[in-house]
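The values are calculated or read from the model by the stated rules, or taken from the named source; none is laboratory data. The structure displayed is predicted, hence computed values, not measured ones. Neighbour counts run over all protein chains shown; Cβ positions are idealised from the backbone, glycine included.
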Amino acid sequence: MILDSFLILLPLIFLALGGYVLSEFYSLSEDTLIRIVTDFFMPALIFYSLYTSDINLSNTLKLLGAVSIVLAILFIASFVYCRLFKLDFKSFAPPILFMNSGFLGIPLMKLWGGFAAMNYIVIYDQIQTFYIFTIGIVIVTGGFTLVGVREMIKSPLLWAIVAGFLFKHLEIPVSKNLIETLGYCGAGAPALATFALGCSLRKRRVVADIHLLSGLIFRFVFGFLAGWAATALLNITGMERIVILVASSLPSAVFSVVLPLRYGIDARFAGSLILISSILSIFIIPLVFYLSSL
């Protein structure tokens, strides 16, 4: 199982390495790539996946509960840790709370379980994205601000999430040609997202200390345990359980460094955790798949 899981990762490793290497030879803008993915390709994929998904409202609410439980556990754990060691919660918490369920998780689950598994993690990721642009902004700014609210309103991702859920569960008809067009556009999102992740990793520099090790334990071990607690409490089984456990154990999200930078918060810890956790995920993800199947 571990070897099979590692083989699933090979296309992602190849794409990420492509982005990492090519960013050395060409002037590739990380910000431009991320904006292209998040403002065009991902919204198309999100609406298409949500609208065509066979996941019912009950399962969607279960995923909402699972993501909420995972983030609540990680929020409390990181808050207590910051109080004990007198760390800045604004810079420490984002890469602990938010995992790379989009740029890495979506292509990973598509390779592992096809569109069925991908649809689950798309919903997981979009619930998390909603929290990133709400709770995440509250964390790094110390409360809701006019700038933060404006950023939320401007985000195509959030509008795609809202529209996808509404059109799906209210059964609002959409023309077949439009859905196929969105599906075609969205199909490029996983590959481009992984390539953009590789480009972004090249620009990260490691600031190594004991708190970085703690951060890795929080992200991988506490993330897995939080996912396990959520699935146990909500009685989630089967493919959905594996998706939640793996998603909760993924490396830190790229947005966890974007948010602090956008609001003038020190992002060195977040950048270091993104880089190291992404590299270690090559070995951690196969192990998580194995543990999730037990």
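A compact table of results
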item: Near pairs, Cβ below 7 angstrom, 6+ apart or cross-chain, from segment 125-141 (closer than 21 Å to Gly105 by Cα) to any residue that is among the hydroxyl-bearing types (Ser, Thr, Tyr) and surrounded by 24 or more Cβ atoms within 10 Å (Cβ to Cβ); result: Asp125/Ser101; Gln128/Ser101
item: Unique match (being surrounded by fewer than 18 Cβ atoms within 10 Å (Cβ to Cβ), in a helix (DSSP H, G or I) and at pLDDT 90 or above) among Ile279, Ile217, Ile284, Ile244; result: Ile217
item: Count of residues meeting criterion [without any contact (Cβ under 8 Å) to a residue 12 or more places away in the chain and either under 19 Å from Ser101 (Cα atoms) or not hydroxyl-bearing (Ser, Thr, Tyr) (or both)] in segment 28-56; result: 3
item: Leading residue by the ranking (surrounded by the fewest Cβ atoms within 10 Å (Cβ to Cβ)) among those in segment 96-126 that are polar (S, T, N, Q) and under 17 Å from Leu50 (Cβ atoms); result: Asn119
item: Residue list for segment 84-132, filter: at pLDDT below 90, among the aromatic types (Phe, Trp, Tyr) and under 21 Å from Phe218 (Cα atoms); result: Phe103, Tyr131
item: Residue that is nearest to Ile279 (Cα to Cα), among those in segment 14-43 that are under 21 Å from the mean Cα position of the chain (by Cα) and among the charged types (D, E, K, R); result: Glu30
item: Evaluation of Leu74 against (1) surrounded by fewer than 17 Cβ atoms within 10 Å (Cβ to Cβ); (2) in contact with a Leu (Cβ under 6 Å, 6 or more places away or on another chain); (3) within 21 Å of Ala267 (Cβ to Cβ) (one fails), failing number; result: (1)
item: Number of the exception - Asn235 against (1) out of contact with any Asp or Glu (no Cβ under 8 Å at 6 or more places or on another chain); (2) part of a helix (DSSP H, G or I); result: (2)
item: From Lys154, Lys110, residue being among the basic types (Lys, Arg) and under 16 Å from the mean Cα position of the chain (by Cα); result: Lys110
item: Of residues in segment 256-269 being modelled with pLDDT under 85 and not in a loop (DSSP other than H, G, I, E, B), the one nearest to the chain's Cα centre (by Cα); result: Ser256
item: Subset of segment 133-174 [at pLDDT 85 or above, part of a loop (DSSP other than H, G, I, E, B) and out of contact with any helix residue (DSSP H, G or I) (no Cβ under 8 Å at 6 or more places or on another chain)]; result: Leu170, Glu171, Pro173
item: Test result for Ala44, modelled with pLDDT of 90 or more, part of a helix (DSSP H, G or I) and under 16 Å from Ser252 (Cβ atoms); result: no
item: Residue match in segment 78-99 (condition: within 18 Å of Ala253 (Cβ to Cβ), outside any helix (DSSP H, G or I) and either under 15 Å from the mean Cα position of the chain (by Cα) or of a type in the set (D, E, K, R) (or both)); result: yes
item: Hits in segment 49-79 (condition: farther than 24 Å from Lys110 by Cβ and aromatic (Phe, Trp, Tyr)); result: Phe75, Phe79
item: Sole exception among (1) surrounded by fewer than 21 Cβ atoms within 10 Å (Cβ to Cβ); (2) out of contact with any Ser or Thr (no Cβ under 8 Å at 6 or more places or on another chain); (3) within 27 Å of Thr237 (Cα to Cα) for Leu87, by number; result: (3)
